[in-house]
Amino acid sequence: MFTPFWLVILGIPALIALFLWFLYNSLVTGRARVDEAWSGIDVQLKRRSSLIPNLVETVKGYAGHEKELFENVANARSALLNAKGAAQSAAADNQLSGVLKTLFAVAENYPELKANENFKHLQEELSDAEDKIAYSRQFFNSNVMSYNVKIKQFPAVLVASSLGFKAYEFYEAAESDRQDIKVAF
C-alpha cells in the first residue's frame with residue numbers, strides 16, 4: 001500500500017509538525033512560569049503596600065508636621081498600585097522604597113515612636129515583606145532569563161516571534177541598592 005518513498009514524504013511533515021507542537025508547548029510553559037513568578041512579586045508588593053497606611057498613621061501620631069513626607073509616601077504607594085508590567089512596577093517599587101527609607105530616617109528623631117510596639121511590629125512586617133520581594137524578584141528574573149534564552153535559541157528563534165512570544169523585561173533593582181555600602185570606623 002505505502003511504499004517507503006511515500007512513508008518518507010508523509011513522515012517528514014508529520015515529524016516537523018510534531019516538533020513544532022513540542023516547541024510551542026515548551027514556549028507556552030516558559031511564558032506561564034514567568035507569569036506565575038510575576039504574580040508572586042505582585043502579591044508581595046501589594047502585601048507591603050497594605051502595611052503602609054498603618055505605618056503612616058502610627059508615624060503621624062508622633063510626627064504630624066511631616067505632611068510633605070506623608071504625601072510622598074501616598075503618591076509612591078499609589079504609583080506602585082497603578083503600575084503595569086515589570087518596568088513600571090520596578091520604578092514605582094524603587095520610589096516607594098526610597099520614600100520609606102526617608103520615613104524611617106524621620107522616625108529616628110522620635111524615640112517614643114521607635115519604642116511604640118505597633119511601629120516595631122510594622123517595621124518587622126515591612127522587613128519581612130522586603131525579604132519576600134527580594135526572593136520573588138530573584139525567582140522572577142531567573143524565569144525571565146530562562147524564557148528569554150529559550151526564545152532566542154535555535155530553532156525557537158525561527159518561530160517564536162511569529163507565534164507571539166516576546167522577551168520579558170527583568171525586574172531591575174534601584175541604582176541606590178546596587179551601590180556599595182560605605183562603612184566608616
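Read-outs throughout are calculated quantities, based only on the coordinates presented, and are distinct from any laboratory measurement. Note that this is a predicted model, so its numbers are computed, not measured. Cβ: placed from backbone, ideal geometry, glycine included. Neighbour counts: every protein chain shown.
Some values worked out for this structure:
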{"read-out": "Tally, over the stretch 119-132, of residues that are surrounded by 15 or more Cβ atoms within 10 Å (Cβ to Cβ) and either under 13 Å from N72 (Cβ atoms) or basic (K, R) (or both)", "value": "1"}
{"read-out": "Selected residue (criterion: surrounded by the most Cβ atoms within 10 Å (Cβ to Cβ)) from residues of the stretch 109-118 that are of a type outside the set (G, A, S) and assigned to a helix (DSSP H, G or I)", "value": "L113"}
{"read-out": "Output for the stretch 142-171, where each listed residue is assigned to a loop (DSSP other than H, G, I, E, B) and under 19 Å from the mean Cα position of the chain (by Cα)", "value": "K166, A167, Y168, E169, F170, Y171"}
{"read-out": "Considering residues of the stretch 131-153 that are hydroxyl-bearing (S, T, Y) and out of contact with any Phe, Trp or Tyr (no Cβ under 9 Å at 6 or more places or on another chain) only, the residue farthest from A167 (Cα to Cα)", "value": "Y135"}
{"read-out": "Residue in the stretch 29-37 that is under 26 Å from H121 (Cα atoms), in contact (Cβ under 8 Å) with a residue 24 or more places away in the chain and surrounded by 20 or more Cβ atoms within 10 Å (Cβ to Cβ) present", "value": "no"}
{"read-out": "Sole residue being basic (K, R), under 28 Å from F104 (Cα atoms) and out of contact with any Pro (no Cβ under 8 Å at 6 or more places or on another chain), chosen from K132, K152", "value": "K132"}
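Conditions (1) of a type in the set (S, T, Y); (2) within 13 Å of the chain's Cα centre (by Cα), marked per residue:
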position	(1), (2)
N72	no, no
L80	no, yes
A90	no, yes
S97	yes, no
P111	no, no
K120	no, no
F140	no, yes
